[in-house]
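Can you read through this structure? Questions will come right after.
The values are calculated or read from the model by the stated rules, or taken from the named source; none is laboratory data. Source: prediction; values computed, not measured. Cβ: placed from backbone, ideal geometry, glycine included. Neighbour counts: every protein chain shown. Side chains included, ligands, DNA and RNA excluded: accessible areas come from the protein's heavy atoms. Shrake-Rupley method; radii C 1.70, N 1.55, O 1.52, S 1.80 Å.
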Amino acid sequence: MEKKERRAFLKSGLAAGAITLATISSCTGPNISEEEEELVNVLTPDGRLVQIPKSMAAADSYVPVGPKEARIGIPNKKFVMVVDLSRCTNERKCIDACDHHHHLTPDRPYIKVLRMQDNEDSSPYWMPKKCFQCDNPPCVKVCPVSATYKRSDGIVLIDNERCIGCRFCMSACPYSARVFNWGQPPESMEEGYDEIPYSPETSVPSRIGTVGKCDFCPDMLRQDKVPHCITACPNGALYFGDKLSDTVTNGGETVRLSQLLREKAGYRYLEELGTEPNVYYLPPVNRAVPFEETLSDQES
Amino acid sequence: MDLVDNPDSTREVGKSRQQIEQDLLRHVTKWTKNDKLWLLFLGVVILIGVFAYYRQLRYGLLVTAMRDYTSWGIYISNFVFFVAISLVGSLVSSILKLSNATWSTPLTRISEIIAIAAIICASIIIIVDMGRPDRFIYVIIFGRIQSPIIWDVIIIVTYLAISILLLYISLIPDLALCRDKLHDVPRWQKKLYEVFALNWKGEKRQYQIIHKTSSILCIMVIPVAFAIHTVTSWLFSTTWRPGWDSTNLGPYFVSGALMAGAAVIIIAMYFIRNSLRLKEYITELHFDHMGKLLVLLSAVYLYFNINEYLGPSFKMVGVEGEHITELFFGKYAYMYWLVQIFGLILPIVALIYKPLRAPFPIMVISFLVIIGAWVKRFLIVIPSLQHPYLPIQDVDESYLHYIPTWEEWAITFASFAGVLLIVTLIIKLVPVIPVWELTDNKE
């Protein structure tokens, strides 16, 4: 019964997807060729029929799931991220990819790259920081309306159609992972932005008076792809994978999670708080390149 | 602390029943020019606040100075302040009543009125703080009992209900008195007395019911009053923020609230006594007793303050140490020490001297206590948020500090005006001093 419904849903979703161009913004992707291309007809989110080069149309017609479906995790998965601090050189490509995919403006990034220094004697390092998708998430515990929730696949998501904007989750999160839409999201000025069907799995569109954060891109995971930041990193510093199959990949190499953490002394940030994060760090030892203050680092 | 001396002090008035009734009903009937000017003033302040809130609804919380790190601001600290003030109702009409301090009888009604006004404005201010007030109903539809916010909603509603009952039950005989004695009032007002007096005839059985009900409520309100401010403290202590992550926070908040409540009642006594010409009913004795009570409550609060700050300042570890440094020597130091000296130490020292417990000086000291109490809640809420575990980097300049905008101040002042407006309107409708408890008590 349930299976049937699900199939029907998927079918209708695919049918809708075939004539919809949900991800028109991906046209700014890096692989646009300059040559003349075959044109295709697509229906824009605001109902206009336009012709665009074939490469600009999203290749697949995946339609992200709605708020109700998004509460159920991807079965038999437990997602995990590993950040190799020895490889991060603060290129900030992960931030760009994330901002682009989630239509974010630089004032409320889901990823931050922090300049860290553990003590006076040690050399500083760059620490990419996302939502840690804790297994004992303080934000979920305090939410008065279940607007933020924990899924079976380990991901903590936000339903911004449920969020009342009390910001208790922001106070509760010890990692400052959450950002708030204090005003009208600047990107809502983009044409057609408001007509994008909302999905907690894409966190798009953002809404005024609600909270947002890194979501581990479940829309990509449902298509058996890794989050955008992973593929964007030029240094392979970010690994992503599944705890249950004990595998993580940085796009180039695929390794055993347990072995990686053991051999490179993986740790979790502020382990002692008991939040059980699903993001691991590998210490900044044996660095490929020495630490450099980068221009984009406007120390505050 | 000789608070229960002379149980007959209320009868010191030494006037005939008729005279007492006349004195205490006087302010209900007349609307003086000053009353009207006062209402006009409050109305203007509230309207400015409403305009500021209109701007906030239109542009979002962007009009405030709150940003991603300082994600709670003076709305929340003001909310905590009002919840604190609301404890005054239970302090006077319950704790003092149960301890047989009969001198406090003339103060019960005013304290209950202030409690209700404060709790109503606390509820309003918390809705103002919401990013999506249009979804307020979700708190009921989707409420998660595991969230401290839901505990707070439940306890606030409960406390408001008990406080209204506490006020109303003791009002019934006086409403009947108004119904019988006041003839030159508008018809709606007369109708109001008639309906709400619930056919009170002053029968013995009716008195029995009223005494029984109010003593049950008196006892019931104590755990609820403690709970309301303890639960409010849990909104903070259930997180890992420096300064909030403390087991001391519940009693710290409750003791601070009782102290602020005592100061509020002293200020209210002073102005009601003078503007309504009730000097024979609210006497110097009341100021003297309340002064001693304020010393006691301040000393208790001082004790919890020491508990709150000594441990972390001795260890000075990590973000907790940063937070303490900021308060003691950093950008909040001047606020912190002014509050601790003028809002906490001064009342303890000054009010030991009897001459300073005279109406005017004690009113001034109570004002300092109240201002201190408000600023203290600012210091509890805001600096804690500015010391997260991970450093604040790569953010806009506006994220680094918190200076409330005019919209936030306008709404805050409007909430104060709201409390004063509710208090004023109730006082203009019913006798502010329980008449029947002064005249009929012996029956």
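I'm told B:Leu356 meets every condition in (1) assigned to a helix (DSSP H, G or I); (2) open to solvent by less than 20 Å² (accessible area, probe 1.4 Å) except one. Can you identify the failing condition by its number?
(2)
Taking only the range B:315-350 into account, find how many residues are hydroxyl-bearing (Ser, Thr, Tyr) and open to solvent by 80 Å² or more (accessible area, probe 1.4 Å).
The qualifying residues number 1.
From the list B:Cys121, B:Cys178, which residue is over 18 Å from the mean Cα position of the chain (by Cα) and either part of a helix (DSSP H, G or I) or buried (at least 23 other Cβ atoms within 10 Å of the Cβ) (or both)?
When all the criteria are applied, what remains is B:Cys178.
Looking only at the range A:138-150, which residues are in a loop (DSSP other than H, G, I, E, B) and open to solvent by 10 Å² or more (accessible area, probe 1.4 Å)?
Those that are in a loop (DSSP other than H, G, I, E, B) and open to solvent by 10 Å² or more (accessible area, probe 1.4 Å): A:Cys143, A:Ser146.
Any idea how many residues of the range B:301-311 are open to solvent by 50 Å² or more (accessible area, probe 1.4 Å) and more than 16 Å from B:Val339 (Cα to Cα)?
So the count comes out to 2.
Further question on the same structure: Can you tell me which of B:Ser298, B:Ser275 is farther than 30 Å from B:Ala227 by Cβ and small (Gly, Ala, Ser)? Please lay out each step first, then the result.
Details: B:Ser298 fails: farther than 30 Å from B:Ala227 by Cβ.
Going through B:Ser298, B:Ser275 in turn, the sole match is B:Ser275.
Given (1) in contact with a Cys (Cβ under 8 Å, 6 or more places away or on another chain); (2) within 7 Å of another protein chain (Cβ to nearest Cβ); (3) not in a loop (DSSP other than H, G, I, E, B), where does A:Ser171 come up short, assuming only one miss?
(1)
Which residues, counting only those in the range A:103-115, are touching a residue at least 12 places away in the same chain (Cβ under 8 Å) and either under 13 Å from A:Val179 (Cα atoms) or open to solvent by 20 Å² or more (accessible area, probe 1.4 Å) (or both)?
A:His103, A:Leu104, A:Thr105, A:Asp107, A:Arg108, A:Pro109, A:Tyr110, A:Ile111, A:Lys112, A:Arg115
Now for a different question. Let me confirm something: among A:Ile164, A:Ile95, A:Ile155, which residue is within 13 Å of another protein chain (Cβ to nearest Cβ), in contact with a helix residue (DSSP H, G or I) (Cβ under 9 Å, 6 or more places away or on another chain) and farther than 17 Å from B:Gln146 by Cβ?
Only one candidate passes the filter, namely A:Ile95.
What is the residue count in the range B:371-424 for residues that are within 12 Å of chain A (Cβ to nearest Cβ) and part of a helix (DSSP H, G or I)?
Result for the range B:371-424: 7.
Report, by residue number, each residue of the range B:412-429 that is open to solvent by less than 10 Å² (accessible area, probe 1.4 Å) and more than 15 Å from the chain's Cα centre (by Cα).
none
Evaluate the following for B:Ile156: is it assigned to a helix (DSSP H, G or I), under 24 Å from B:Leu421 (Cα atoms), within 20 Å of the chain's Cα centre (by Cα) and within 14 Å of another protein chain (Cβ to nearest Cβ)?
On the way: assigned to a helix (DSSP H, G or I): yes; under 24 Å from B:Leu421 (Cα atoms): yes; within 20 Å of the chain's Cα centre (by Cα): yes; within 14 Å of another protein chain (Cβ to nearest Cβ): yes.
Spelling it out, B:Ile156 is indeed assigned to a helix (DSSP H, G or I), under 24 Å from B:Leu421 (Cα atoms), within 20 Å of the chain's Cα centre (by Cα) and within 14 Å of another protein chain (Cβ to nearest Cβ).
Further question on the same structure: Scan the range A:116-136 and tell me whether some residue there is modelled with pLDDT of 95 or more, open to solvent by 30 Å² or more (accessible area, probe 1.4 Å), in the same structural domain as A:Arg207 (by TED's automatic domain parsing) and within 23 Å of A:Lys78 (Cβ to Cβ).
Yes, some residue in the range A:116-136 is modelled with pLDDT of 95 or more, open to solvent by 30 Å² or more (accessible area, probe 1.4 Å), in the same structural domain as A:Arg207 (by TED's automatic domain parsing) and within 23 Å of A:Lys78 (Cβ to Cβ).
Since B:Phe378 meets every condition but one in (1) touching a helix residue (DSSP H, G or I) at 6+ places or on another chain (Cβ under 7 Å); (2) open to solvent by 20 Å² or more (accessible area, probe 1.4 Å); (3) among the hydrophobic types (A, V, I, L, M, F, W, C), which condition does it not meet?
(2)
Please specify each residue of the range B:108-144 satisfying the condition of being more than 25 Å from B:Ile426 (Cβ to Cβ) and in contact with a helix residue (DSSP H, G or I) (Cβ under 8 Å, 6 or more places away or on another chain). Steps first, answer last, please.
Our first condition is that a residue be more than 25 Å from B:Ile426 (Cβ to Cβ); within the range B:108-144, this holds for B:129-144.
Within the range B:108-144, B:Asp129, B:Gly131, B:Pro133, B:Phe136, B:Val139, B:Gly143, B:Arg144 qualify.
Listed residues B:Ile125, B:Ile140, B:Ile164, B:Ile149; which is of a type outside the set (Asp, Glu), within 11 Å of chain A (Cβ to nearest Cβ) and touching a residue at least 24 places away in the same chain (Cβ under 8 Å)? Even if it seems obvious, please write down each step before you answer.
Numbers: B:Ile125 fails: within 11 Å of chain A (Cβ to nearest Cβ); B:Ile140 fails: touching a residue at least 24 places away in the same chain (Cβ under 8 Å); B:Ile164 fails: within 11 Å of chain A (Cβ to nearest Cβ).
Within the list B:Ile125, B:Ile140, B:Ile164, B:Ile149, the selection yields B:Ile149.
For a quick check of your reading of the model, give me the residue pairs whose first member lies in the range A:43-69 and is more than 16 Å from A:Arg222 (Cα to Cα), whose second is acidic (Asp, Glu) and modelled with pLDDT under 75, with beta-carbon atoms closer than 8 Å and at least 6 apart or on different chains.
Correct list of pairs: A:Pro53/A:Glu37; A:Pro53/A:Glu38; A:Lys54/A:Glu37; A:Lys54/A:Glu38; A:Ser55/A:Glu37.
Suppose the filter is open to solvent by 40 Å² or more (accessible area, probe 1.4 Å) and assigned to a helix (DSSP H, G or I); does B:Val221 pass it? Let's see the steps before the verdict.
Numbers: open to solvent by 40 Å² or more (accessible area, probe 1.4 Å): no; assigned to a helix (DSSP H, G or I): yes.
Taking the combined requirement at face value, the residue does not satisfy it.
Every residue, every condition in (1) outside any helix (DSSP H, G or I); (2) at pLDDT 85 or above; (3) within 30 Å of B:Tyr389 (Cα to Cα), yes or no:
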position: B:Thr10; (1), (2), (3): no, no, no
position: B:Gln18; (1), (2), (3): no, yes, no
position: B:Leu37; (1), (2), (3): no, yes, no
position: B:Val50; (1), (2), (3): no, yes, no
position: B:Leu57; (1), (2), (3): no, yes, no
position: B:Thr70; (1), (2), (3): yes, yes, yes
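Also, quick follow-up: Condition first: more than 24 Å from B:Ala262 (Cβ to Cβ), without any contact (Cβ under 8 Å) to a residue 40 or more places away in the chain and either within 14 Å of chain A (Cβ to nearest Cβ) or open to solvent by 10 Å² or more (accessible area, probe 1.4 Å) (or both). Can you find one or more residues in the range B:72-83 that meet it?
no
Sticking with this one: Hey, which of the strands (runs of 3 or more DSSP E) in the range A:180-264, taking only ones fully inside, have at least 3 residues that are crowded, with 23+ Cβ neighbours inside 10 Å? Lay out the reasoning, then the answer.
Numbers: elements: A:238-242, A:247-249, A:254-256.
Qualifying strands (runs of 3 or more DSSP E): A:238-242.
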